[in-house]
Each structure stands twice: as structure tokens, then as C-alpha cells.
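Report on the structure given below.
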Amino acid sequence: MTGRRDFETDEAAYLTDVAKFCDTVLLPRGDRSDTGEFFPDIITQFAELGLLELMYDEQRNLRLDRMRLIHETTELVAAAFPASVVALGALRLQGYLLKRYAQPHIAERYLEPLLRGEIYGSFGVTEPDSGTDVRSGTTVATRDGDGWILNGHKKWIGFAPVAAFNVVLAKVDHAGRDADTVALVVDLGSEGVTRSEVLDLMSFRGMPLGELHFSDVRVPAGSALKVAGQFTTGLVLKSGSPLAWLFDNGSQARHYVTKGGKDHKTGAMWGKTPPTHIFTRTVAKGKRAVVDRIKTMMLRRGATSVAGE
Ligand SMILES: Cc1cc2nc3c(=O)[nH]c(=O)nc-3n(C[C@H](O)[C@H](O)[C@H](O)COP(=O)(O)OP(=O)(O)OC[C@H]3O[C@@H](n4cnc5c(N)ncnc54)[C@H](O)[C@@H]3O)c2cc1C
């Protein structure tokens, strides 16, 4: 890995370097992303470029005040190679959850290799029959002394086929709608965990999505995130949620607005194929007012969330 980048005094130069990387490395990969080829080498380059480290100072304290810069980098990556920004957003989210809410011994185990792009985490909310309505989930963590026994099934989980851990959203002791919830950092090497092959989803091909089954998985004490009372603001990082913009949803919204609907079978967008940077920018120009409104809304939401938690 190259030395740490100077994010403080060299912001413009840093963004220029990221833009160059996007034009020379990401765009060609984005153009052939519908082959479904995963891109670990790109994640290594994200790490080398500091795109993950950007969220922390040298002592690994979170630097959420740098969110505007982080968001700028996300937009550049999203415009060049959309599947890779899902990965970047997921890794940033996982690092944030570990640093902010996990017990120190859990954060220490996973954070540094994650920031070096050597391992991937994953975030398990969605289930085969539970999407937006997270209260309908049926994954249950039963108390077992100070630890937990986990049973359930998660689906459409980014990085699931290759991840080292999953932050599992589970109900406590029973699956009723009124159950308490817990978010457990579960090592995916644990006995009782099985995972599917990569799911061939119609969008963001190349980003490995999969299923996770938990069958009587013993989860050690100390694995729960400290998110009590902060469930809605601290954990549900879904589209439109307060923190989502920090990671990728703002850029994905921008991507959809600027690129419009994509035919994922042919790779054509609005009848043109393949997508190019120039095309993206041309369309973005026409929709500038909408893009700017979305961006302002996302930045406001993020600022409120960072200040409020
Ligand atoms: C590329 C990709 C990566 C993903 N990665 C992850 C991941 O890492 N971890 C994870 O847990 N999940 C992940 N998901 C799953 C994703 O979070 C869910 O698809 C999402 O939560 C929506 O759930 P659903 O697909 O079941 O849609 P549904 O919940 O069935 O919703 C369908 C539509 O109905 C609308 N809708 C639903 N309820 C209401 C309501 N009450 N009022 C008005 N409208 C409503 C929704 O907005 C949506 O447009 C991923 C999905 C994709 C596409």
C-alpha cells in the first residue's frame, strides 16, 4: 500500500487523482461490467487510493466532518462504474458500523484488513420475505448465557458469497413484530453458516450478492453492536434513511437521474450502448436542477444525522 494521502491540505489534488483513476481505470471496467465479473483488484485500488481510509484520521477516529469530500469521491466512482460504488459504499458502511458501534475487540479484528481491501464485510437486513418492512423479518437470536444462538435466512446481501463477516439484524428470542432487535457481528466462518453462490441480480452485475443461512449458529458475547435506541438513525442505512447518503445512495440516486433506466440484458441505456462518461455528463447537464436538488437534500440529511447521533 502507498503512504497515507493528505486529505486535509490537498483536497483538490486528491479529487483530481480520483477523477483520473475513474476515467482511466474504472470507466473501461464499467463498460464491461455486465459480464458479472467481480472486481477485487478494483477494491485493492480503492484502498490504495485512500477511498476507504478517508473516513478516519491516522488514529482511526471517525472523520465524519469530511463527508462532503467523501461524497464527491462517491459521485465520481458512481458515474464511472456503478457496481463498484455499491462495493465502496458497503465497505465504508461496514467500517463505520465497526468503528462506531462494535466492541473494540470486534473492530480490531476486522477494521484494518477491511480498510486495506483484504477482507469484505456484509450487512444483513433483507430476507426472502422481508424487504422495506424490516419488522416482518424472521431471523431470531436467542439468548444463550451472554451470547446468542442465531437462526434465520438473509437474501440479496452484498458481498455475502465472499465476506468475512455479516452484521445480522435479528429479532431477540421470538419473531413477533414487536420483538426487540439486535445487530450481531457474525463471523461467516462460524459453524452453522452456509452461503449461496452469487445471485444473478438484474442490476449492478459484478457486485457479488448472495444468501446467508444461519442454523443454530453460536454467536459469542460481545458481538452485538451498541445501537440500542438508535436503530432507525444508526443502523437502517436503506434508501432515504438519514445516513444512507454518506455511503452511496445519494450517488445511486444521481446515477439513476443522470443515466435513466438501464436495460440490464443488453447494457443499453436509453437506447444507447455502451454507457460512456461523456454520455453521462451530457445527460446530467440536462437534469442538473434535479441532480442538484437531490444532492442538497442528501447533504442536509447527512449533516443532521452526523450532528444528531
Ligand atoms: C444491488 C443491491 C444490493 C443490496 N444489498 C443489500 C445488502 O447488502 N443487505 C441487505 O440487507 N439488503 C440488500 N439489498 C436488498 C434491498 O435492501 C431491498 O431490496 C430493499 O430493502 C427493498 O426490499 P424489497 O426488494 O423486498 O422491496 P419491497 O419492500 O417489496 O418494496 C417494493 C417497492 O414498494 C415500495 N414500498 C414498500 N413498502 C412501502 C410502503 N409502506 N409505502 C410505500 N411504498 C412502499 C418500495 O419503496 C419499493 O419501491 C440489496 C438490493 C440490491 C438491489
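Read the figures in this text as sums done on the coordinates, not as results from a lab. Everything numeric here is computed off the predicted structure, so don't read it as measured data. Neighbour counts run over all protein chains shown; Cβ positions are idealised from the backbone, glycine included.
Identify all residues within the stretch 92-109 that are closer than 14 Å to Ala47 by Cβ and away from the ligand (no atom under 11 Å from the Cβ); write none if there are none.
Within the stretch 92-109, the subset closer than 14 Å to Ala47 by Cβ is 92, 94-95.
Listed by number, the residues that qualify are Arg92, Gly95.
Would you check which residues across the stretch 148-205 are farther than 25 Å from Glu108 by Cβ, of a type in the set (Lys, Arg) and away from the ligand (no atom under 12 Å from the Cβ) and list them?
Lys171, Arg177, listed by residue number.
Restricting attention to the stretch 191-228, report how many residues are within 19 Å of Val172 (Cα to Cα), charged (D, E, K, R) and not in a loop (DSSP other than H, G, I, E, B).
Here the count works out to 2.
For the stretch 1-93, list the helices (runs of 4 or more DSSP H) that sit wholly inside it and hold at least 3 residues that are surrounded by 22 or more Cβ atoms within 10 Å (Cβ to Cβ) and in contact (Cβ under 8 Å) with a residue 60 or more places away in the chain; which are they?
Output list reads 67-80.
Checking Tyr120 against (1) buried (at least 21 other Cβ atoms within 10 Å of the Cβ); (2) part of a helix (DSSP H, G or I), only one condition comes out false. Which one?
(2)
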